[in-house]
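Chemist: Submitted below is the structure of interest, expressed as structure tokens.
The values are calculated or read from the model by the stated rules, or taken from the named source; none is laboratory data. All of these numbers come straight from a predicted model, not from anything done at the bench. Counting neighbours? That spans all protein chains shown, and the Cβs are built from the backbone with ideal geometry, glycine included.
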């Protein structure tokens, strides 16, 4: 047998799986900033109302940073169902350009610096500010100037006229799952604009924006008791039968897998031994709280 075999029990259910109900929450950032291209790292905009992404009229790069406290708001052990980040483009340059979100790989800071006018030129860096060369000004440096981030984007969209824009993808949800499971590695995201075209820069509202409705926000759907596969508020033998059905299929992309692949408790695309460990932990607790 390729997997554990409770096939007769599974037949009794006809191979049917269940989709768990999800809760939802909207988070505002705990930090945001702009990396302003400057060889000395002498400017930042930590407490400004705007963060920028793209190339300005002097062909200097701007990269926005944003971070949300996922673990502080979502119960440990929850399964992230979906995630999206909403930003308001206000007073950005004309034209439509791709803006991508990349997971950050190192911590960074937000000081009290505030640029004048459109804030694109920043202000003198203040203690704790992220800059083009610093994670924390004045003495903690990036390993790579311009920030440490994954080169493959978690989500990308086209940003044009002023207005509201939403980034969402399966990878973005996996990022949030990782932020929940390993809070010490939650360094947020970088928003990169088109860095090949002059005057492509987009200007997004930050958490310091006066009008709360246009501040950045992270919307997350999550299941706080993911091992309750039949939705009866208990993790028991009936859930185990559903789990085994999915475990015997293994791959969430397999046509035989129940819709939603709810038994993939760690969100990696497979129902395997790692999910079994999570399931057993919940099974021992029995009642969803």
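Chemist: Please go through segment 142-178 and pick out each residue that is touching a strand residue (DSSP E or B) at 6+ places or on another chain (Cβ under 6 Å) and within 13 Å of residue 41 (Cα to Cα).
Modeler: The answer is 142, 147.
Chemist: List, please: which pairs have Cβ atoms under 8 Å, are six or more places apart or on different chains, and start with a residue in segment 170-181 that is in the same structural domain as residue 77 (by TED's automatic domain parsing) and at positive phi and end with one that is crowded, with 17+ Cβ neighbours inside 10 Å and part of a helix (DSSP H, G or I)?
Modeler: Hits for this filter: zero, empty list.
Chemist: To continue, here is another question. May I ask you to list the residues in segment 62-80 that are within 22 Å of residue 153 (Cβ to Cβ) and out of contact with any strand residue (DSSP E or B) (no Cβ under 6 Å at 6 or more places or on another chain)? If you could, list the steps in order and put the result at the bottom.
Modeler: Taking segment 62-80 as the starting set, the residues that turn out to be within 22 Å of residue 153 (Cβ to Cβ) are 62-68, 70, 80.
The answer is 70, and nothing else.
Chemist: Sticking with this one: So if I check each of 48, 54, which one is buried (at least 24 other Cβ atoms within 10 Å of the Cβ), outside any loop (DSSP other than H, G, I, E, B) and touching a residue at least 24 places away in the same chain (Cβ under 8 Å)?
Modeler: Unique residue meeting the criteria: 54.
Chemist: Considering (1) at pLDDT below 95; (2) under 28 Å from residue 148 (Cα atoms); (3) surrounded by 12 or more Cβ atoms within 10 Å (Cβ to Cβ), say which one residue 28 fails and leave the rest.
Modeler: So the condition that residue 28 fails would be (1).
Chemist: Quick check: anything in segment 92-103 within 16 Å of the chain's Cα centre (by Cα) and within 18 Å of residue 23 (Cβ to Cβ)?
Modeler: Scanning segment 92-103, I find no residue that is within 16 Å of the chain's Cα centre (by Cα) and within 18 Å of residue 23 (Cβ to Cβ), so the answer is no.
Chemist: For segment 121-134, which positions are within 13 Å of residue 104 (Cα to Cα) and modelled with pLDDT under 95?
Modeler: Within segment 121-134, no residue meets the criteria.
Chemist: Is at least one residue of segment 59-66 under 30 Å from residue 227 (Cβ atoms), buried (at least 21 other Cβ atoms within 10 Å of the Cβ), under 15 Å from the mean Cα position of the chain (by Cα) and touching a residue at least 12 places away in the same chain (Cβ under 8 Å)?
Modeler: Taking every residue of segment 59-66 in turn, none turns out to be under 30 Å from residue 227 (Cβ atoms), buried (at least 21 other Cβ atoms within 10 Å of the Cβ), under 15 Å from the mean Cα position of the chain (by Cα) and touching a residue at least 12 places away in the same chain (Cβ under 8 Å).
Chemist: Something else now. With respect to residue 137, is the statement that it is at pLDDT 95 or above, within 17 Å of residue 109 (Cβ to Cβ) and crowded, with 18+ Cβ neighbours inside 10 Å true? Full working, then the answer.
Modeler: Details: at pLDDT 95 or above: yes; within 17 Å of residue 109 (Cβ to Cβ): yes; crowded, with 18+ Cβ neighbours inside 10 Å: yes.
Yes, satisfied.
Chemist: All but one of (1) within 28 Å of residue 95 (Cβ to Cβ); (2) outside any strand (DSSP E or B); (3) at pLDDT 95 or above hold for residue 70; which doesn't?
Modeler: Every listed condition holds for residue 70 apart from (1).
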